[in-house]
Structure formats: structure tokens, C-alpha cells
Amino acid sequence: MAMNSSRHIWKRWCVLLLGTILATSVLGACGNASGDQQGSRLKLKIADISTNTVFRVAKNKGIFEKHGIDAELVNFATPAEGVNSLFIKQVDVAFGADFPLLNAVSKGDYSIFASSGTATDLSANEWKLFVRKEIGSAADLKGKKLSFSRGTFVPYLWDVYLGENGVALSDVELIGQGGFDEAYVALKKGEIDAAWVYGAVLNEKFGALAEAKELSDMSKTPVRLGTGLIASNELLEGHREVFVQFLKALDEASIYAQAHPEETADIMYEEVKQPREATFKDLPKNPWKLGFTDKAYAGLQGQKDYMVANGMIEQDFELNDKLNLDMVREAFPERIIDLK
């Protein structure tokens, strides 16, 4: 009888122990989820691209960690793809041009919380227009097939560029593509007649095409590419102080990258195999200076008006309602405008 009682107690103890182990495992797994607090650090999955130095320097040099962030970089072909990945919770934070940012905030519970300060003439000069060799001027693009990366601002750029040269957007055929590599192959084969390309590596690659030539660049248009940061309202509101530190980390990383081009080029080559010369060319043209200026606001407002007028945004909204500038105001009060 005593033996049966002992066995019963032993079984109950084993069940309780197993339950405790399982519960601990589940809680541990939850603790590793993106956007969760890891002790004093917040785990964040950040959308990135292979030519952006800021996030990689921040992670490689321990700047994220110093500011209380456990960062995981998730690489995409374009910033727009990274922004779209917010919808399926593949990442927590993304950066991108005005077009994908506005598309995202129009469809979900997200906010733009800072601008990178890169809407400059120097940066615009890096956007090159490559065309087939037989194209002599913008007027020759009438009736041609023009490439754009899906989910990006490029249709807007085409509209402005063509309009300034007497060609209506309705006079051309826009061909949506998944990225620059696809555009490269299509331009080489003659499946498209023109494409906008960005960055030293791609400009050199497209420039080497026997079938193509550079016709213009974006600095010759009034379009300037604003770039901002976006995250869910839930994450921003739940971790305000961490995002203040996140912005400070990015600013510190940008300053470090500009001051140490050799080391930055080494980091980019080691991590994504970007040629060192490409980093040297791109770096001085894209220094991030986190804030939110009148130029950033005007760029977003103008792009939003265009997207609403052309049916790209179905339901109009007040831009101010989609901006959460509390964190950047705390981090860099001298770099931010007052919203009216």
C-alpha cells in the first residue's frame, strides 16, 4: 500500500516537473520573438538592403548593442520590399522612400517616425537614367517600354521627367519589375527601352552595357527622394525610449561610417561583398542625418497628393496623423519642425 502511494506521488511529481519544463520552454521561445524585451535590450528585426552602410555599421561596431538594441538585419532587394514585409511581420522596422512609406501607412496601423535627411541634389545625382543606344533624347521615349521597380516612387519620377520633356505618361508603357537585376537583363535584351538605376555598383554595371547608355539623372528633375523610417504604432508606443536610443544609434553609426570610410568599406565587403570602391563612391553622397525637416514634410505631402490623385491611395488621410515624431524630437530637438 505504501509502495503504491509512493508511486502515485512520484508520478505526480514527474507530471509537475514536465509541465514546468514545457512552460519554461514556451516562455523562452516567446522571449526570443521579434519586438520583445530581452532583459534591458529590445530585439528588433530591421529591413535592410545590401548597399546601405548605416545599419551594418551600427550592428558590426556594437552601436546598436550599446544603445540597448538586439538587432537582426533582414536583407531585401529594395527598401520597398522591406517596407512591405511589415505587413506579414517579417520585420519590425523598415526604411524606404516616400512612396512605399505612404502606401504602408494608408493601409495599416503604422507611423513614419523620422527622416534620414538624404533628399539632396548630391543623392539625386546617383539616380541615373539608362536607355537603349538608339534613344537620342527624352522625346524618343514616346511609345517605348519603361521599367519601374514595383512598389517604388519610380512611376512618379517617370511622370515628372517625361512631363518636363513634353511626353505624357499615357504615351509610354510602364513595365513593372522585381528589381534592378531584372531590369538589367531586360534592357540588355531589348525587352525594355529605359530604366532608372541607383548606386555606384549598378551605375557601373548598367554603364558597361554595350546596348545602353546614360541619358540623364534625377538631379536634373525637381524630384528629390525622401527616405524615412517606419514601424507599427504598437511597437512605437510601447517602446518609446528604446526608439529614442535607436535613432541615436543610427546617427552615431552614420557619423562613424563617414569618418571611417576604409573600415566601412571593409565591413560592406565582408558582409555583403559590395566592392570597396563602390562604398567609397556611395558613402559621401548619402550621409544620414536623422530628423524631420520642412523638405521631408513637403516631399511626403506632394507624393501623397500624387498617389491619391492617381488612385494609388484609395482613401485619403491627413499626413500629420501618420507621423509620430515624439522620439526624433527627443533625440534631436534642433533637427525637427513643428507640425501645424
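For this structure, a couple of remarks:
- Scanning region 143-168 for residues that are out of contact with any strand residue (DSSP E or B) (no Cβ under 7 Å at 6 or more places or on another chain), in a helix (DSSP H, G or I) and either surrounded by fewer than 20 Cβ atoms within 10 Å (Cβ to Cβ) or at pLDDT 95 or above (or both) yields 159, 160, 161, 162, 163, 164.
- From 316, 321, residue being part of a loop (DSSP other than H, G, I, E, B) and either free of Cβ contacts under 8 Å to residues at least 40 places away in the same chain or among the small types (Gly, Ala, Ser) (or both): 316
- Of residues in region 271-297 being of a type in the set (Asp, Glu) and within 28 Å of residue 243 (Cα to Cα), the one surrounded by the fewest Cβ atoms within 10 Å (Cβ to Cβ): 294
- Residues of region 105-120 that turn out to be modelled with pLDDT of 90 or more and not in a strand (DSSP E or B), as a count: 7
- Residue match in region 169-185 (condition: free of Cβ contacts under 8 Å to residues at least 12 places away in the same chain and in a loop (DSSP other than H, G, I, E, B)): no
- Residue in region 126-142 that is modelled with the lowest pLDDT, counting only those that are touching a strand residue (DSSP E or B) at 6+ places or on another chain (Cβ under 7 Å) and of a type outside the set (D, E, K, R): 127
- Tally, over region 224-239, of residues that are over 12 Å from residue 110 (Cβ atoms) and surrounded by 15 or more Cβ atoms within 10 Å (Cβ to Cβ): 5
- All positions within region 210-263 that are among the β-branched types (Val, Ile, Thr) and touching a residue at least 60 places away in the same chain (Cβ under 8 Å): 221, 223, 227, 230, 242, 244
- Hits in region 91-105 (condition: among the hydrophobic types (A, V, I, L, M, F, W, C) and either over 13 Å from residue 149 (Cβ atoms) or without any contact (Cβ under 8 Å) to a residue 40 or more places away in the chain (or both)): 91, 93, 94, 95, 101, 102, 104, 105
Each row is one residue, and each column tells you yes or no for (1) touching a Phe, Trp or Tyr at 6+ places or on another chain (Cβ under 9 Å); (2) without any contact (Cβ under 8 Å) to a residue 24 or more places away in the chain; (3) of a type in the set (A, V, I, L, M, F, W, C).
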| position | (1), (2), (3) |
| --- | --- |
| 195 | yes, no, yes |
| 198 | yes, no, no |
| 208 | no, yes, yes |
| 286 | no, no, no |
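- Given (1) modelled with pLDDT of 95 or more; (2) in the same structural domain as residue 248 (by TED's automatic domain parsing); (3) surrounded by fewer than 22 Cβ atoms within 10 Å (Cβ to Cβ), number of the condition residue 102 does not satisfy: (3)
- Which listed residue is in the same structural domain as residue 56 (by TED's automatic domain parsing) and either in contact with a strand residue (DSSP E or B) (Cβ under 6 Å, 6 or more places away or on another chain) or under 20 Å from residue 129 (Cβ atoms) (or both), from 254, 232, 216: 232
- Qualifying residue in region 83-97 (condition: under 20 Å from residue 199 (Cα atoms), in contact with a helix residue (DSSP H, G or I) (Cβ under 9 Å, 6 or more places away or on another chain) and not in a strand (DSSP E or B)): yes
- The single residue among 270, 252, 318 that is under 23 Å from residue 198 (Cα atoms) and modelled with pLDDT of 95 or more turns out to be 270.
- Criterion: among the charged types (D, E, K, R) and over 26 Å from the mean Cα position of the chain (by Cα) - qualifying residue of 188, 220, 205: 188
- Selection status of residue 244, surrounded by 15 or more Cβ atoms within 10 Å (Cβ to Cβ) and either among the basic types (Lys, Arg) or not in a helix (DSSP H, G or I) (or both): no
- The set of residues in region 298-311 that are crowded, with 19+ Cβ neighbours inside 10 Å and not polar (S, T, N, Q) comprises 299, 300, 304, 306, 307.
- Some residue of region 250-271 being of a type in the set (S, T, N, Q), in a helix (DSSP H, G or I) and touching a Ser or Thr at 6+ places or on another chain (Cβ under 6 Å): yes
The values are calculated or read from the model by the stated rules, or taken from the named source; none is laboratory data. It should be emphasised that the depicted structure is a prediction, and the values quoted were computed from it without experimental measurement. Ideal geometry is used to build each Cβ from the backbone, glycine not excepted, and the neighbour counts take in all protein chains shown.
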